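Remarks on the structure that follows.
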Amino acid sequence: MGKKAVDIRDVAALAGVSVGSASRVINRVDNVSIATREKVERAIQILGYRPNHTAQSLRSRASKTIGCLFTDVANPLYANLFRSLEERLRVEGYMLLLANGLNDVQRELETLETFARRGMDGVIAAPDHEKDEKIAAALSALAMPVVVLDRDISGLSLDTVLFDHAGGVRESMARLFDLGHRRISIVLWNAKNRPVRRRLEGYRAAYKAAGVPLPDGLIVQGQSAISSVLSDFDRLLKQSDRPTAVLAQGTYALGSVMQAIALNNLSVPRDISVVAIGDTPFARENNPAISMVTVDSARVAALTAEMLRDRMENAALPARVEKVPVTFTDRASVGSAPN
């Protein structure tokens, strides 16, 4: 006969505690003394015990997994958010499973269907196709708690965390206007989702609030999140009335902008001020370090975890919507407008 598999009773016996106490340690329940926890963890290590999570899930009707759908984790915003969410939910004993929608509606639908079949304990969703009726129907059909991140899902009452993109853009542009800038460009990708819409709203609202006529031709939009906008922004910089400041989204657009500035022998911030939309290693490590508008990922993660937990405990709660600020951080890439 083969060796008998180690089970929780063996762990409890070696640790000198009850099976119930051993179970509470394994399931990371809080009301366990430090001494008991140490004894059980030592027994687990000695015996090489591995919990049967499938059996635990069947008994507790909980999978201890959260499904996470993002458009593209290569986007620094989503990469930072995923890291913060994973750390926050890991503390509560959950594993976060990430799926990239890659701006493909069919892929997003298949991901949501997979989450439903696998019986996740909750879902965090930031689909690109937020206005698609099939996406709304798939989210509505999910039997587990759902938190929507930074999307306007029409016709549904879901717990939602929204980012104040417009406020962040207005704040950064108010600083630029104070420094004498009047021709401020914004470089985004050509999407219809909430973040892009709100940034453009903030851009136009900032001009209106400053009492400055909105110039034509300073909005640059790439075909996709990873498209180069080098030629488009290079053309702007070659004009006699070129922009004196620019807000650039993410890693790819920002890279194109900085390359165009270098090709035109311009200096940051002497000739042109630059603000990154989102924080990236490139923005932090550039010389000079690039100012940014960004959201507090840790705050988003805490709110999202709280909403999921509240919904798990009481499915009848009214839907909750929270807005998180997007703030401007001035590093060294913003200066007075050139004469």
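The values are calculated or read from the model by the stated rules, or taken from the named source; none is laboratory data. Values in this document were obtained by computation on a predicted structure and should not be read as measured data. Don't worry about glycine lacking a Cβ; one is built from the backbone with ideal geometry, like all the others, and counts go over all protein chains shown. Calculation scope for accessible area: heavy atoms of the full protein, side chains included, ligands and nucleic acids excluded. Shrake-Rupley method; radii C 1.70, N 1.55, O 1.52, S 1.80 Å.
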- Query: Which residues, taken from segment 203-253, are hydrophobic (A, V, I, L, M, F, W, C), at pLDDT below 95 and surrounded by 21 or more Cβ atoms within 10 Å (Cβ to Cβ)?
  - Reply: 225, 229, 253
- Message: Quick check on my filter: what residues within segment 77-107 are over 12 Å from the mean Cα position of the chain (by Cα), assigned to a helix (DSSP H, G or I) and surrounded by 15 or more Cβ atoms within 10 Å (Cβ to Cβ)?
- Response: 88, 89, 107
- Specify which of the listed residues (124, 135) is open to solvent by less than 20 Å² (accessible area, probe 1.4 Å) and either of a type in the set (S, T, N, Q) or in contact with a His (Cβ under 6 Å, 6 or more places away or on another chain) (or both). 135
- Task: Could you list all residues from segment 111-136 that are closer than 21 Å to residue 191 by Cα and out of contact with any Leu (no Cβ under 8 Å at 6 or more places or on another chain)?
- Result: 128, 129, 130, 131, 132, 133
- Message: If a residue must be open to solvent by 20 Å² or more (accessible area, probe 1.4 Å), touching a residue at least 60 places away in the same chain (Cβ under 8 Å) and touching a Ser or Thr at 6+ places or on another chain (Cβ under 6 Å), how many such residues does segment 298-333 contain?
- Response: 5
- Which residues, taken from segment 229-249, are free of Cβ contacts under 8 Å to residues at least 60 places away in the same chain, part of a loop (DSSP other than H, G, I, E, B) and in contact with a strand residue (DSSP E or B) (Cβ under 7 Å, 6 or more places away or on another chain)? 229
- Are any residues in segment 167-192 open to solvent by less than 10 Å² (accessible area, probe 1.4 Å) and more than 26 Å from residue 235 (Cβ to Cβ), and if so, which ones? 168
- Item | Single match in 132, 72 (criterion: of a type in the set (Asp, Glu), within 13 Å of the chain's Cα centre (by Cα) and more than 30 Å from residue 23 (Cβ to Cβ)) | 72
